[in-house]
1. What is the range 1-144's relative contact order, in percent, from Cα pairs under 8 angstrom and six or more apart in sequence?
2. Determine the principal axes of the Cα atoms in the range 1-46, then give the extent along each, sorted from largest to smallest and rounded to whole angstroms.
3. Tell me which GluC sites (Glu not before Pro) from the range 92-186 have a DSSP coil assignment and no more than 15 other beta carbons within 10 Å of their own.
4. Chymotrypsin sites (Phe, Trp or Tyr not before Pro) within the range 16-86: which are DSSP loop residues with at most 15 other Cβ atoms inside 10 Å?
5. Note the per residue figure in Å³ for the convex hull of the C-alpha positions in the range 1-105.
6. Within the chain, which complete DSSP H helices have Cα atoms spanning at least 27 Å along the helix axis and a mean Kyte-Doolittle hydropathy of 0.5 or higher?
7. For the chain, what is the calculated [θ] at 222 nm in deg cm²/dmol (nearest 500), taking -39500 (n - 2.57) for each run of four or more DSSP H residues and dividing by its residue count?
8. Where in the range 120-135 does the amide nitrogen come within less than 16 Å of the point 7 Å from the Cα of E167, taken along Cα to Cβ?
Amino acid sequence: MKLPNRAHALALLDEWVENPNLKKHMLAVEAAMRSYAKLFKQDEEFWGCVGLLHDFDYERFPDAKHHPYEGVKVLERLGYPDEFLKAVLAHSTHTAEPRDSLLKKAIYAVDELCGFLVAVALVRPAKQLQDVSVDAVKKKLKEKSFAAKINREEIIGGANELEITLEQHIQNVLTAMQNIHSQLGL
């Protein structure tokens with residue numbers, strides 16, 4: 001069994017992912033996962049690596065028939081533990097992997113929200129995460145035409161599964177992303 005570490009996860013990202021925005025998404029999810037690991041007193045490295053690698057196969061396998069299954073096969077061959085593999089599966093609703101652990105609930109909860117926060121930042125005048133507030137995010141969540149492909153039910157449901165308010169969830173993820181804004185270019 002291989003315990004994940006950030007250096008290995010980043011090397012895998014470099015090997016598999018060319019799209020800089022997809023890499024930034026995974027860095028954002030990593031930051032959010034580390035934040036929740038700290039909040040819930042869990043292993044920050046492990047949780048962060050789940051965030052880094054949850055979509056690493058997406059560029060090669062963007063359809064639901066293959067993603068995240070192909071990535072999980074690669075991680076399994078590399079010796080990643082079962083808990084890690086199941087968490088990667090749990091971030092996608094189409095896998096039917098039960099979200100029966102805090103780790104699985106967290107990766108599900110942060111994935112869509114990270115993308116939504118980027119969308120909110122990009123419509124701000126300075127295009128910076130520092131200019132985004134929880135109230136602005138909540139307002140944009142109500143606008144169905146804004147970032148229409150992002151599943152709001154997953155964002156709200158994720159907060160519920162983590163047993164925190166939507167406001168707390170937005171603030172937690174927003175703060176985590178603001179802390180790495182220079183890496184995200186936002």
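Just so it is clear, none of the values below were taken in a lab; they were calculated from the coordinates. What you see is a predicted model; the values in this text were computed from it and never measured. Backbone-built Cβ (ideal geometry, glycine too); neighbour counts: all protein chains shown.
1. 21 percent
2. Result, largest extent first: 33, 26, 12 Å.
3. When the GluC sites (Glu not before Pro) of the range 92-186 are filtered for loop state and at most 15 Cβ neighbours within 10 Å, E143, E163 remain.
4. Numbers: sites: W16, Y36, F40, F46, W47, F56, Y58, Y69, F84; in loops: F40, F56, Y58.
Qualifying residues, ordered by number: F40.
5. In the range 1-105, the Cα convex hull volume per residue is 88 Å³.
6. Going by DSSP H runs, the hits are 102-122.
7. Per the formula, -19000 deg cm²/dmol.
8. Backbone N within reach: 133-135.
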